[in-house]
Structures are given as structure tokens and as C-alpha cells.
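Asks: Please read through the structure below; I'll follow up with questions.
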């Protein structure tokens with residue numbers, strides 16, 4: 001950090017297993033990726049090339065090299081996995097990941113229906129090729145999954161080999177663990193946390209109010225995903241009490257003016 005402040009929270013440092021910030025790159029240019037890394041790399045743990053954007057991104061290898069130069073792992077969005085799978089191209093997906101040096105992979109079923117035992121089978125197979133993150137929850141706002149089912153699915157996917165389970169919210173933050181308004185389904189979240197360790201869950205939280213909710217609930221080392229590149233620095237400031245929303249979270253009133 002640039003100067004000393006007392007009464008700061010114990011923020012884990014990279015490489016970290018918890019307190020992860022996963023950023024969604026929805027189409028940055030190579031130069032934009034360079035600028036983004038120059039400004040924010042110490043606070044970025046993983047970059048996701050959102051949905052199927054990697055298929056149409058120009059100079060993809062060059063952009064991947066930018067992230068690698070900062071030791072930031074990159075993975076293709078789960079929608080791309082589903083696009084390969086529905087075309088019976090699972091092995092092609094593995095080969096594409098190998099070809100592009102991708103060692104993090106997302107297994108999701110937000111756009112297609114995959115029997116859950118089969119999904120867990122894909123997770124297990126992909127763990128032989130790298131780190132797997134699996135997404136739970138539907139992109140269809142009308143498809144409401146009860147809390148017990150979230151827990152059951154998450155537990156099975158962790159047992160199959162996922163390093164983290166991702167709580168679905170889409171890039172807008174208006175489905176899955178959120179209502180259409182973006183409001184957190186607090187009962188759902190808190191019930192999930194009674195059974196699934198918080199450090200193994202990546203909460204998609206693209207909106208500021210959603211990020212604040214999880215920081216207040218779980219502390220500065222909550223795993224947060226689908227963060228916009230321009231929001232990484234503001235989020236890090238909010239995590240450690242240097243934004244108005246969290247200013248008083250870590251202060252000892254006896255030692256303050």
C-alpha cells in the first residue's frame with residue numbers, strides 16, 4: 001500500500017485462496033487489458049472472459065499473454081463450455097483450453113439442461129486438466145431453485161472436484177441469488193452458508209450494493225465475482241473500510257477521535 005494506516009482489516013494477499021476478486025472481461029482490447037492490469041493487477045485474482053466472448057475476441061492470444069505476464073489466471077465463461085457441450089464437442093473444449101494455455105475452467109448449466117450427475121462427471125474429468133469452478137443457478141429468472149437444492153448441488157459439485165462453486169447472478173446481478181431488482185435473497189444466502197463453507201463460494205456481485213452486502217456479511221475476504229474492470233479499485237477500497245459504505249467497519253472507537 002502507498003502509506004500506513006492503523007486499524008486496517010487483515011486482507012489476504014495474492015496468491016490467496018479466499019478474498020478473491022474475479023473480474024469479468026466482456027471484450028477489453030489488448031491495450032485496455034494492459035491499462036487495466038497496470039492500474040489494478042494487485043487486486044485481481046482471476047479474469048473471466050465473459051460468456052462466449054473469447055470466440056469473437058480479436059488478438060485473443062495476445063490478450064491472454066497480458067494477463068499471464070501479471071500471473072493472473074484467465075478462464076472462458078461457462079456459456080462457452082455449454083456451447084461446446086450442446087454441440088457434442090466436449091473433447092474439443094478441452095483441446096481449445098490446452099491450445100490457449102487455459103488452466104481454469106468453468107462448468108455451468110445456466111443455458112442448457114444437464115443431468116446433475118453428468119455435470120459432476122464433467123467437473124471430475126476437467127479436474128485432470130486444471131482448476132474447475134462450477135456455477136450453480138439458472139439464468140432464467142422464472143426458474144426458482146429452493147435453498148435445499150442449492151445446498152445439495154453445491155455440495156455435490158465440490159465433492160466432484162470444483163475448487164469453488166459460483167452462485168449465479170448473470171453479469172447484471174438480477175437472477176439466481178438476487179431478485180429481479182438486484183436485491184439479495186438474504187434467506188437463501190444465509191441458508192446456503194449454514195451448509196457450504198463461505199470460502200468455497202464465489203458470489204457473483206456486479207452491483208455495488210451486492211458487494212457491500214457480502215462484505216458486511218462475510219468480511220473483507222468474501223469471494224466476489226463478475227466485477228467490472230473499472231470497479232476493482234473501488235471494491236478493494238470498500239473491502240478495507242476506505243469507502244463511506246464501510247468506513248466504520250474496522251475502527252476501534254476507543255482509538256479514534
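Asks: Filter the helices (runs of 4 or more DSSP H) completely within segment 110-208 down to those with at least 1 residues that are under 30 Å from residue 98 (Cβ atoms), at pLDDT 95 or above and out of contact with any helix residue (DSSP H, G or I) (no Cβ under 7 Å at 6 or more places or on another chain). Quick ask: steps written out before the conclusion?
Replies: On the way: elements: 116-126, 147-160, 186-193.
By residue number, 116-126, 147-160.
Asks: Working only within segment 235-257, note down all residues that are in a helix (DSSP H, G or I) and touching a residue at least 12 places away in the same chain (Cβ under 8 Å).
Replies: 235, 236, 238, 239, 245, 246, 255
Asks: Given the residues 83, 39, 18, which is the only one that is part of a helix (DSSP H, G or I), under 21 Å from the mean Cα position of the chain (by Cα), surrounded by fewer than 21 Cβ atoms within 10 Å (Cβ to Cβ) and in contact (Cβ under 8 Å) with a residue 60 or more places away in the chain?
Replies: Numbers: 83 fails: in contact (Cβ under 8 Å) with a residue 60 or more places away in the chain; 18 fails: part of a helix (DSSP H, G or I).
Result of the check over 83, 39, 18: 39.
Asks: Condition check: part of a loop (DSSP other than H, G, I, E, B) and at pLDDT 95 or above. Does residue 3 satisfy that? Working first, answer last.
Replies: Values: part of a loop (DSSP other than H, G, I, E, B): yes; at pLDDT 95 or above: no.
No; evaluated as a whole, the condition is false for this residue.
Asks: Follow-up. Could you pull out the residue among 108, 69 that is touching a residue at least 40 places away in the same chain (Cβ under 8 Å) and closer than 21 Å to residue 27 by Cα? Lay out the reasoning, then the answer.
Replies: On the way: 69 fails: touching a residue at least 40 places away in the same chain (Cβ under 8 Å).
Of 108, 69, the one residue that is touching a residue at least 40 places away in the same chain (Cβ under 8 Å) and closer than 21 Å to residue 27 by Cα is 108.
The values are calculated or read from the model by the stated rules, or taken from the named source; none is laboratory data. Since this is a predicted model, take the numbers as computed values, not measurements. A quick note on method: Cβ atoms are made from the backbone with ideal geometry, for glycine too, and the neighbour counts reach across all protein chains shown.
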